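A.B. asks: Below: one structure in structure tokens.
The values are calculated or read from the model by the stated rules, or taken from the named source; none is laboratory data. Keep in mind that what you see is a predicted model, and the values were worked out from it rather than measured. Here the Cβ positions follow ideal geometry from the backbone for every residue, glycine too, while neighbour counts run over all protein chains shown.
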Amino acid sequence: MEVEPFSVELATPLETAAGAVREREGFLVRLEYAGTEGVGEASPLLGWTETYEECRGALARAAEVAEHTDWGVALTKTEAPAARHALALALQEALARAASEPLYRSLGGEGTVRAVPVNATLSDAAPAETAAAAADAVAEGFDCLKLKTGARDVETDLQRVRAVRERVDAPLRLDANGAWTRGQAERVVEAVADLGVDYVEQPLPAEDLGGHAALRGRGVDVAVDESLAAYDIEQILDADAADVVVLKPMVLGGPDLAREAATTAREAGVEPVVSTTIDTVVARTGAVHLAASVPDIGACGLATGSMLRSDLAPDPASVEDGHVTVPQEPGLGLPARP
């Protein structure tokens, strides 16, 4: 196994309720399995996964285990989510390349899926600037918008939602990153119920499953994201905490586990959405394949490549008219190996 550190800057810091994200650091992992090379990415994110140093250590331990046993054993013994993601993605890609099939088929997808719908993400800004960004996104072909909220007071965020609604008709999603209290979340849900908001994502802190459950059934769906870093999918479902689950493969430990979570959610009547932690082209393309493997999936948070100032390889999954292209070549379908 080869492990190569990397660091990429965002083109513009992404302002969220949890703070600004300015760069992504991680590790590229290359390994040989089934006689074929696979590539994976480990991009730890503070508050979501293990730390950078913990990830480095987990990858080193996995290599030692694999040397004495095999990669299957190494994968089962790797609990650090970003490290496991890199191993799982690399192994899955090697298997897909060996079988001469695109990764989404290797993950269990059926038929041919050439594109997946995606939402545009609008960073925190003043109401007029947010509305202008929404109009630009719709002009570019996006028909679903996710609005970052929670960094400002509730009333200002509501002004931002109204300003966007006055400019565009596209469905909206609000993402508070767990910033609101129960009272504030109730205020927002009540105020936006008639404004075409599909769902409010992570309105409350990750641990407050009861609060999320209590918000449901008020005219706006409730989605959880950060809660999936604190609880497994079965706990989320048992608590009736969500109408939608936002699945980040890097946080869940790999595309294989994320697909299992999507299937479990669907069986419980909860809709899965696939997103990323603003990853590089390797993990981002893996997430595209994951989304393509889930039947009839709605708009996903995969249009994030443009957020990076530079990337590790050319992007095979271009975004056009509100859809991301699904590569059809074997494995990830990267035009050049990073």
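A.B. asks: So how many residues does the range 9-35 have that are among the β-branched types (V, I, T) and either at pLDDT 95 or above or farther than 16 Å from T277 by Cβ (or both)?
C.D. replies: Number satisfying all stated conditions: 2.
A.B. asks: Restrict the check to the range 1-11 and report whether at least one residue is out of contact with any Cys (no Cβ under 9 Å at 6 or more places or on another chain), buried (at least 16 other Cβ atoms within 10 Å of the Cβ) and among the β-branched types (V, I, T).
C.D. replies: The answer is yes; a qualifying residue exists.
A.B. asks: With the requirement that a residue be buried (at least 22 other Cβ atoms within 10 Å of the Cβ), touching a helix residue (DSSP H, G or I) at 6+ places or on another chain (Cβ under 8 Å) and either among the basic types (K, R) or assigned to a strand (DSSP E or B) (or both), what does the range 167-184 give you?
C.D. replies: L172, L174
A.B. asks: A further question follows. Kindly indicate whether any position in the range 130-144 is under 30 Å from E329 (Cα atoms), touching a strand residue (DSSP E or B) at 6+ places or on another chain (Cβ under 6 Å) and not in a loop (DSSP other than H, G, I, E, B).
C.D. replies: The answer is yes; a qualifying residue exists.
A.B. asks: List the helices (runs of 4 or more DSSP H) that sit entirely inside the range 185-275 and contain at least 1 residues that are under 20 Å from D157 (Cβ atoms) and touching a residue at least 60 places away in the same chain (Cβ under 8 Å).
C.D. replies: none
A.B. asks: Kindly provide the set of residues from the range 17-60 that are over 20 Å from G331 (Cβ atoms), in a strand (DSSP E or B) and touching a Ser or Thr at 6+ places or on another chain (Cβ under 8 Å), ordered by number.
C.D. replies: E23, R24, E25
A.B. asks: Which one is surrounded by the fewest Cβ atoms within 10 Å (Cβ to Cβ) among residues in the range 293-318 that are within 24 Å of R97 (Cα to Cα) and among the aliphatic types (A, V, I, L, M)?
C.D. replies: Per the criteria, the residue is A313.
A.B. asks: Filter the range 132-143 down to the residues that are surrounded by 21 or more Cβ atoms within 10 Å (Cβ to Cβ) and not aliphatic (A, V, I, L, M) and list them by number.
C.D. replies: F142 - this is the single residue of the range 132-143 that is surrounded by 21 or more Cβ atoms within 10 Å (Cβ to Cβ) and not aliphatic (A, V, I, L, M).
A.B. asks: State whether the residues of the range 259-275 include one that is touching a Cys at 6+ places or on another chain (Cβ under 9 Å), surrounded by 20 or more Cβ atoms within 10 Å (Cβ to Cβ) and among the polar types (S, T, N, Q).
C.D. replies: Within the range 259-275, one or more residues are touching a Cys at 6+ places or on another chain (Cβ under 9 Å), surrounded by 20 or more Cβ atoms within 10 Å (Cβ to Cβ) and among the polar types (S, T, N, Q).
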